[in-house]
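The values are calculated or read from the model by the stated rules, or taken from the named source; none is laboratory data. Predicted model, so just to flag it, every value in this text is computed and none were measured. Every residue, glycine as well, gets a Cβ built from its backbone with ideal geometry; the counts of neighbours run over all protein chains shown.
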Amino acid sequence: MHNYKKILPYIILAELISLTGFLVPEINTLAFFAIIALTLVAAMISLELGLLILFTELFIGSKGQLFFFESEGVLISIRIALWLVIMSVWAAKFLNLYLKKEIDKREIKKQLARHKLFYYFIILLFFIGFGLINGFLNNNSFNNIFFDFNGWLYFLLVFPIFTLPLVEPEFNYKKFRNNLSAVFMAGIIWLSIKTLILLYFFSHNIIGVVEPIYRWVRESGVGEITRMDSGFTRVFFQSHIFALIGFIIILAHSLKLKINLKDKKFYLFIGLLSLLLTATIISFSRSNWLGLATGLLFYYFTILLFAKHRWQKIWQSTTIIILSGVFSLIFIAGIIKFPFPAPGIGFSASFIQERATQISSEAGVSSRWALLPELLNEIKKKPIFGAGFGATVSYKTSDPRVLEQNPDGQYTTYAFEWGFLDIWLKLGILGLSAYLALIVMIFVLAYKQIKKQDITALGLLLGLIVISTVSFFSPYLNHPLGIGYVILVAFFVKDTRNKDTNVC
């Protein structure tokens, strides 16, 4: 995992080029094709390396538009392009080996049998395909169908990932996991640092800097920057979900530590946890905060069930969490109150309490609750098979951006905040059940590993609990961010009934 230090500078460089490319479009186009060419060459040499590039973008890119190519009104994001490269290279390598008879059906079945979860993905993919057909049968708008469906294509990555040992005989499971961990660590550290940098710029209202950066953050789909009623500057990225998951995973690994003020590793854990928690706080996302609370609840529950010296571990974990929380608030206060240039507002922990409790009058929250009954009414019309991709719901919103265009607040959309209900509407209860069955089976396999004191399985499972909780109120499990995480957890959580799995 220490390799993240080598990866971090490249991520920062990519972000700086993205910002420069926003200001000078020619640079964006050049960088887009350079990244695609680099990924193509890397994937041809090693599909594993290509996948690491793809997941690096996923961890930091939110909506996947840090780079893009646009021609005649058609926009291709870097995320879509990377996906196309990886799928194409995998298909070419796989077919080449199959036609040369270097792999056969027996080997393919044996490899996939090591991952029982693969077949749950196949069932889910069937319902996704049916949802696409159903969208056309219900005469949904082609544009709505395309933009609603395209994110689900990320599920096709199960094929290159689960067949990696076949396509690349030199593939090493442990090495891939460690490299991916390094990419993940570098990504979430940068997300947190970037959040603090933006908080500094906008809390100090640095003239000549905030306006282009604000436009870059918004138009690249990275996130949102909002001045709250309290005066606090909220910096929210969709990718903050990974900083939150990272916090939970690192906390789980701290169970292997003992509090020792002379141990540098202890301070490293506290520093990382504080940095990641800082990003989660600054995001001012109540959904993320609820996910954090749920993750911590299950974390303590797991300690009580399986940990040796459980009460000592509970005391130790509580100490680490409190220290991380205190240092996070110190980080935030230090950034906001930094005296040069003069800060626009102070900082108080009461801002967090106000955000958590005063929700009834907020436009975003009232709009979400206004959508709920209308969404449920649409689900009732076709509860079994769903209405297909592109299905829309009309409701009255309080969103100021909509009110500017439509004063009566009537709004029709195919994208909804209620993640699980969105899946139900599009895929029906059968498709939703297939997805939930996959998640439940991941839980079952992880549970068996946790009983054997597998900390990695614990961290991954807690991360899945977090993202599943957040998905009740925000669309993650039906978005590449959540889909990518589900695929990785399914790949790394082994079936303990199969001896071959440990050496895949």
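Can you tell me which residue is modelled with the lowest pLDDT among those in segment 384-395 that are closer than 17 Å to ASN140 by Cβ and not β-branched (Val, Ile, Thr)? Please lay out each step first, then the result.
Going residue by residue through segment 384-395, those that are closer than 17 Å to ASN140 by Cβ are 385-394.
Next, only the ones that are not β-branched (Val, Ile, Thr) stay: 385-391, 394.
Values: PHE385: 96, GLY386: 96, ALA387: 95, GLY388: 96, PHE389: 96, GLY390: 95, ALA391: 95, SER394: 91.
Step by step, filter segment 384-395, then rank; the result is SER394.
Determine, yes or no, whether THR39 is farther than 24 Å from ILE241 by Cα, hydroxyl-bearing (Ser, Thr, Tyr) and under 22 Å from the mean Cα position of the chain (by Cα).
Yes.
Among the candidates THR413, THR469, single out the residue that is under 30 Å from LYS308 (Cβ atoms) and of a type outside the set (A, V, I, L, M, F, W, C).
It is THR469.
Looking only at helices (runs of 4 or more DSSP H) that lie completely in segment 35-141, which have at least 2 residues being at pLDDT 90 or above?
Ranges flagged: 47-60, 78-99, 117-137.
Report every pair of residues separated by at least 6 positions or lying on different chains whose Cβ atoms are under 9 Å apart, first residue within segment 449-468 and touching a residue at least 24 places away in the same chain (Cβ under 8 Å) and under 30 Å from GLU417 (Cβ atoms), second of a type outside the set (Val, Ile, Thr) and not in a helix (DSSP H, G or I).
What qualifies is ILE467/TYR476; ILE467/LEU477; SER468/TYR476; SER468/LEU477.
All but one of (1) in a helix (DSSP H, G or I); (2) of a type outside the set (Val, Ile, Thr); (3) out of contact with any strand residue (DSSP E or B) (no Cβ under 7 Å at 6 or more places or on another chain); (4) in contact (Cβ under 8 Å) with a residue 24 or more places away in the chain hold for PHE32, so report the exception by its number.
Failing condition for PHE32: (3).
Yes or no: segment 400-408 includes at least one residue that is on the phi > 0 side of the Ramachandran plot and under 29 Å from the mean Cα position of the chain (by Cα). Show your work before the answer.
At the first step, the residues of segment 400-408 found to be on the phi > 0 side of the Ramachandran plot are none.
No: zero hits.
Looking at segment 396-409, can you tell me whether even one residue there is within 20 Å of ASN138 (Cα to Cα) and either without any contact (Cβ under 8 Å) to a residue 24 or more places away in the chain or in a strand (DSSP E or B) (or both)? Write out each step before concluding.
Residues of segment 396-409 that are within 20 Å of ASN138 (Cα to Cα), as a first pass: none.
No, segment 396-409 contains no residue that is within 20 Å of ASN138 (Cα to Cα) and either without any contact (Cβ under 8 Å) to a residue 24 or more places away in the chain or in a strand (DSSP E or B) (or both).
Collect the residues in segment 200-234 that are touching a residue at least 40 places away in the same chain (Cβ under 8 Å) and either under 20 Å from GLY246 (Cα atoms) or in a loop (DSSP other than H, G, I, E, B) (or both), keeping them in residue-number order.
HIS204, ASN205, ILE206, SER220, GLY221, VAL222, GLY223, MET228, SER230, GLY231, PHE232
Regarding ILE213, is this residue within 28 Å of GLY271 (Cβ to Cβ) and either in contact with a strand residue (DSSP E or B) (Cβ under 7 Å, 6 or more places away or on another chain) or surrounded by fewer than 17 Cβ atoms within 10 Å (Cβ to Cβ) (or both)?
Against the criterion (within 28 Å of GLY271 (Cβ to Cβ) and either in contact with a strand residue (DSSP E or B) (Cβ under 7 Å, 6 or more places away or on another chain) or surrounded by fewer than 17 Cβ atoms within 10 Å (Cβ to Cβ) (or both)), ILE213 does not qualify.
Across segment 253-267, what is the number of residues that are in a loop (DSSP other than H, G, I, E, B) and touching a residue at least 60 places away in the same chain (Cβ under 8 Å)?
Total meeting the criteria: 1.
Take segment 412-426 and flag every residue that is crowded, with 19+ Cβ neighbours inside 10 Å, over 12 Å from HIS479 (Cβ atoms) and of a type outside the set (D, E, K, R).
Result: TYR414, TRP418, LEU421, TRP424, LEU425.
Just checking, does segment 180-199 include any residue being free of Cβ contacts under 8 Å to residues at least 40 places away in the same chain, surrounded by 19 or more Cβ atoms within 10 Å (Cβ to Cβ) and among the aliphatic types (A, V, I, L, M)?
Within segment 180-199, one or more residues are free of Cβ contacts under 8 Å to residues at least 40 places away in the same chain, surrounded by 19 or more Cβ atoms within 10 Å (Cβ to Cβ) and among the aliphatic types (A, V, I, L, M).
Looking for something among the hydrophobic types (A, V, I, L, M, F, W, C), surrounded by fewer than 22 Cβ atoms within 10 Å (Cβ to Cβ), in a helix (DSSP H, G or I) and free of Cβ contacts under 8 Å to residues at least 40 places away in the same chain - is there at least one such residue anywhere in segment 274-293?
Yes, that holds for at least one residue.
Condition (residue is in contact with a strand residue (DSSP E or B) (Cβ under 9 Å, 6 or more places away or on another chain) and within 24 Å of ILE439 (Cα to Cα)) applied to segment 62-84: is it met by at least one residue?
Yes, segment 62-84 has at least one match.
Does ILE108 satisfy the criteria of being surrounded by fewer than 21 Cβ atoms within 10 Å (Cβ to Cβ), closer than 25 Å to LEU156 by Cα and touching a residue at least 24 places away in the same chain (Cβ under 8 Å)?
Answer is yes for this residue.
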